[in-house]
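To start, the structure itself, in structure tokens.
The values are calculated or read from the model by the stated rules, or taken from the named source; none is laboratory data. Please read these numbers as outputs of a predicted model, since none were measured by experiment. Because the Cβ atoms are built from the backbone with ideal geometry, glycine has one as well, and the counts that use them run over all protein chains shown. Calculation scope for accessible area: heavy atoms of the full protein, side chains included, ligands and nucleic acids excluded. Shrake-Rupley method; radii C 1.70, N 1.55, O 1.52, S 1.80 Å.
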Amino acid sequence: MAKIRPPRVVEQPVEVLADDDIRALLKAAKGNGFNEVRDSAIIMVLIAPGVRLGELVGMKLNDIIWDDETI
């Protein structure tokens, strides 16, 4: 094992959505129905810094602090 080199991992930057793309997503989810409100909330939570997809998927209702409007 002493002679084995670790594999080279080329880090690829994560593609960031442009503001126009985010606006288009929010526009597509616009509405008052359950699905539209849910989709808008998902998009807004995902664009907030520090939230990963896995964390969003595993989120429970108890993870929301309603008084502070935080997750």
| Does any residue in region 23-50 that is within 14 Å of Thr70 (Cα to Cα) and touching a residue at least 24 places away in the same chain (Cβ under 8 Å) come within less than 7 Å, Cβ to Cβ, of a residue that is open to solvent by 60 Å² or more (accessible area, probe 1.4 Å) and not in a helix (DSSP H, G or I) six or more places away or on a different chain, and which pairs are these? | Val45/Ile71
| field | Residues located in region 38-53, provided they are open to solvent by 60 Å² or more (accessible area, probe 1.4 Å), on the phi < 0 side of the Ramachandran plot and not hydrophobic (A, V, I, L, M, F, W, C) | value | Arg38, Pro49, Arg52
| note | Of the residues in region 1-17 that are of a type in the set (A, V, I, L, M) and more than 18 Å from the chain's Cα centre (by Cα), the one that is modelled with the lowest pLDDT is Met1
